[in-house]
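To keep things clear, I will list the structure first and then write my remarks on it.
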Amino acid sequence: MTNNMKICLRNYLSVLAIAVMAMTMVGCEPSDANKDYGFPLIYIPQATVTGLDNSYPIPNGPFGQNTKYTCYYEDGKLNIALGVVRAGKLAEEKAFTVDLGVSEDETSKKIEELVGKETPAAALPVSICTIPEKISVQAGENTGTCYVSVDLQALSADKAAIMEGEVYKQLVLGLEISNPTEYELAETNTSVIIILNLNDANWDGLSAETPESAVRKLFPINNTNQ
């Protein structure tokens, strides 16, 4: 064997060894299915309902046709769904909780905006609301839901306070999440503004068997102002 042939053989064996080592290292890496994708940031999905800002109109569609963002009436109380989502696909999905609290700043800003557009508005009284202190997400999941309960029977006791002329004021409640036990909050959509519209036509024309039909009975309205 000539020197040139020996050199070529050594070079070939070196390349082959490198290739084998590379394949071995790839084989030791986690599969794509076990890799993390995206950023594990937490936000409120209801803050994206309108696509314009973080307003969450209630009702936001015909009853019985809205499956993603919903509310329901029971025992004199309107229960409004509110939740959190952790974005990203993670190999290990940890359980976590976030605190939920009232945002007076968000409430005030939205009322000012509505009034500026000549839409009667007022703060939804926190005293008639039951607001969970935390929203929890179980391990292996990326979403969690709670319900903010509004005592409409108590609200109806003084209708004059929430009326302007012959229409009801838009009732505004700002909420925000904070203090996640795992992961981080997103830069946007960590606050949401519930806007309860008692003038909305979706409260009308419901069958007596539909619990939400009680809302219009509690808050009657002149049909010409809907």
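Derivation of every value follows stated rules applied to the coordinates shown; laboratory data play no part. Keep in mind it's a predicted model, so treat the numbers as computed, not measured. FYI the Cβ positions are ideal-geometry reconstructions off the backbone, even for glycines, and counts take in every protein chain you see.
Radius of gyration over Kirkwood radius for region 77-154, both on Cα atoms: the Rg/Rh ratio is 1.10.
Of the three principal axes defined by the Cα atoms of region 115-226, the extents in descending order read 50, 39, 23 Å. Packing, as the average of other Cβ atoms within 10 Å across residues, places the peptides 122-133, 93-104 in the order 93-104, 122-133, highest first. The local environment of VAL115, defined by Cβ-Cβ distances under 13 Å, has a net charge of 0 under the rule Lys, Arg +1 and Asp, Glu -1. Where the centre of each part is set by its Cα atoms, how far does region 67-130 sit from region 150-218, in angstrom? Each part reduced to its Cα centre gives a spacing of 9 Å.
Scaled against 2.2 N^0.38 Å for its residue count N, the alpha carbon radius of gyration of region 160-226 is 1.58.
What shape does region 33-225 take by its C-alpha gyration tensor, where a ≥ b ≥ c are the square roots of the eigenvalues and a/c under 1.5 counts as rounded, a/b above b/c as prolate, and the rest as oblate? Prolate shape, in that a/c is at least 1.5 and a/b is the bigger ratio.
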